[in-house]
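Inspection log for the structure reproduced underneath, given as structure tokens.
Values quoted throughout were computed directly from the atomic coordinates according to the rules given, and no laboratory measurement underlies them. Note that the structure is predicted; figures quoted are calculated from it, not measured. With ideal geometry, Cβ positions are generated from the backbone for all residues, glycine too; neighbour counts draw on all protein chains shown.
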Amino acid sequence: MATGRQDVDRQDAETSTSIVATGAVASAQYGAVCWRRIGARLEVLLITSRETGRWVIPKGWPIAGMTPADSAAREAYEEAGVEGSPAATCIGLYGYDKAFDRASNAPSSRPCVVAVYPLQVKSLRDRFPERGQRRRKWFSPKKAARKVAEPELQGLLAGLEALLPEARGKAGKATAKLRSPAAKA
């Protein structure tokens, strides 16, 4: 978790940011699908949630003054020690219920919609803010899809190869070659 002024910014963003979907109000969050290539093999980094130990992606509330992609990257650093480059384009959304402390008088959960940004991992830090509170592990996209609970996130992870910016760039170049007059000759 962040400290100081960032906590205030997160609280302000948390209470003021919402998405209306199917008549219900859901709070917006930003998440990072952290990925790398080992040779030709694509891998996805999952982390455990602090409360339940379920496998999840790093995600959190919008951070004032930061783009959604940069907010997702900050969460990836704080929760998993990830350093890397986030793509500016969201690759999909998924919903879940954010559980809160049941000891308080506040509602025990809140619906959230997470905008997901791919983040190419350059390095993993050994020391990061939530170290010791979470586990992190690399999976193939298909195995990662089986590990997470949210159906929409499962679909994003299972189809990740085609959603990555590098894959879209290659597909666009291949399509352009097919359409060019030189390609017909």
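Short version: ³J(HN,Hα) in whole Hz for each residue of the stretch 38-54, in order, from phi by Karplus 6.51 cos²θ - 1.76 cosθ + 1.60 (θ = phi - 60°), x for Gly and Pro, what are they?
With coefficients 6.51, -1.76 and 1.60, one gets 10, x, 8, 7, 8, 10, 10, 8, 10, 10, 8, 6, 6, 7, 10, x, 5 Hz.
May I ask for the net charge around Lys122, where only other residues with Cβ less than 11 Å from the Cβ of Lys122 are counted and Lys, Arg are +1 while Asp, Glu are -1?
Net local charge, Lys122 excluded: +1.
Could you calculate the FRET efficiency of Ser123 with Val25 from 1/(1 + (r/R0)^6), where r is the beta carbon distance between them and R0 is 41 Å, rounded to 0.05?
Efficiency computed from Cβ-Cβ geometry: 0.60.
Simple spin-label model, 7 Å along Cα-to-Cβ: Thr48 to Glu152 in nm?
Placing both labels 7 Å beyond Cα along the Cβ direction yields 2.7 nm.
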